[in-house]
1. Restricted to region 83-95, and to residues that are in contact (Cβ under 8 Å) with a residue 24 or more places away in the chain and in a helix (DSSP H, G or I), which residue is surrounded by the most Cβ atoms within 10 Å (Cβ to Cβ)?
2. Among the residues of region 1-16 satisfying the criterion of being in contact with a helix residue (DSSP H, G or I) (Cβ under 6 Å, 6 or more places away or on another chain) and in a loop (DSSP other than H, G, I, E, B), which is surrounded by the fewest Cβ atoms within 10 Å (Cβ to Cβ)?
3. Answer yes or no: is there a residue in region 38-56 that is closer than 15 Å to residue 78 by Cβ, of a type outside the set (Lys, Arg), touching a Pro at 6+ places or on another chain (Cβ under 7 Å) and without any contact (Cβ under 8 Å) to a residue 40 or more places away in the chain.
4. Quick test of your reading of the structure: residue 189 fulfils all but one of (1) surrounded by 12 or more Cβ atoms within 10 Å (Cβ to Cβ); (2) in contact (Cβ under 8 Å) with a residue 12 or more places away in the chain; (3) not assigned by TED's automatic domain parsing to the domain that holds residue 158. Name the failing condition by number.
5. Kindly list, by first and then second residue, each pair from a residue in region 119-148 that is part of a helix (DSSP H, G or I) to a residue that is of a type in the set (Lys, Arg), limited to pairs with Cβ atoms under 6 Å and residues at least 6 apart or on different chains.
6. Out of everything in region 40-60 that is part of a helix (DSSP H, G or I) and touching a Phe, Trp or Tyr at 6+ places or on another chain (Cβ under 7 Å), what residue ends up being surrounded by the most Cβ atoms within 10 Å (Cβ to Cβ)?
7. Could you check region 152-262 for helices (runs of 4 or more DSSP H) lying wholly inside it with 1 or more residues that are among the aromatic types (Phe, Trp, Tyr)?
8. Could you go through region 58-69 and let me know if any residue there is at pLDDT 95 or above, within 18 Å of the chain's Cα centre (by Cα) and not assigned by TED's automatic domain parsing to the domain that holds residue 182.
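The values are calculated or read from the model by the stated rules, or taken from the named source; none is laboratory data. Since the structure is predicted, the reported quantities are computational estimates derived from the model, not experimental observations. Cβ: placed from backbone, ideal geometry, glycine included. Neighbour counts: every protein chain shown.
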Amino acid sequence: MRKNPEYAWLFLFDGNGYVREAALNSLSTPPRSAFFFSALAWRLNDWVRAVRQAAERCSERVLHRTASDVAANAALYLLDRHLVWGRWSNESKALDRTFEREDVMADLALQIAQRSTGPLSNCLRHALRYPTMDKHLPRLASAAIQPSVRALAYRCLISGKAVWTVGFEWAWIDKVYGLRRRMPKLETREIQRTGSVADVIKAAIRDKSNIVRIVAADAVISARSQLPDAEELIARLANDKSPAVRERANYMLRHPVSGSSP
């Protein structure tokens, strides 16, 4: 490694913690692939505290210079690691400072929009903790290949909120019998959006996926008193080919809001 510091990337996987620490202290160039970016992230969760500290110092030196496409490809795998890896604490902030970059979020949004396989909606949900993702939600809602991604983007734009998982907590089901369930712990923030909610709902109703149209129907139920053409939207939902969408429209027809005609 003294002769050629690039060998340090290979020694990140050494079984000896002293070697891994020395490798991290030798690195001075940013990772050139998502694989080595992820390898450095793994060392942030290393089982040896000294190695984690060395990885944090290394991340501060090199990660901010990582190419945006490299960081975005790594983010597809790493964004939910904070829920799985338990050894790190403040070390994870080194990744956050890279992922929250505008160019990284732009490349990640492009990846999420163009890919057809993988848990992309889950990736988007975790990326929502970075406000730099907000500006890409309209494009994801209209153009993402996966319906679940479009549905999540529309839900954010309609509600004006981003929700993501920050951990888990126990919730009691029955204290008498000692039954409890592990539930996700959520965090919420307001998102930056442009355009009216009515226009977003209309766009969602025109989507080809019933998953997205269900989101639109739920939004009409919640906001129909504020929608100027709610009756027209409900009539369109009532003729939808999806039974789940028609059921929501029928509910609205059976339960008109106060002041509207039955």
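1. Going through the qualifying residues, I end up with 95.
2. Going through the qualifying residues, I end up with 14.
3. Yes.
4. If we test residue 189 against (1) surrounded by 12 or more Cβ atoms within 10 Å (Cβ to Cβ); (2) in contact (Cβ under 8 Å) with a residue 12 or more places away in the chain; (3) not assigned by TED's automatic domain parsing to the domain that holds residue 158, just (3) comes out false.
5. Listed by first residue and then by second, the contacts come to 141/150.
6. Selected residue: 44.
7. Answer list for region 152-262: 243-254.
8. Within region 58-69 (the criterion being at pLDDT 95 or above, within 18 Å of the chain's Cα centre (by Cα) and not assigned by TED's automatic domain parsing to the domain that holds residue 182), the answer is yes, since at least one residue qualifies.
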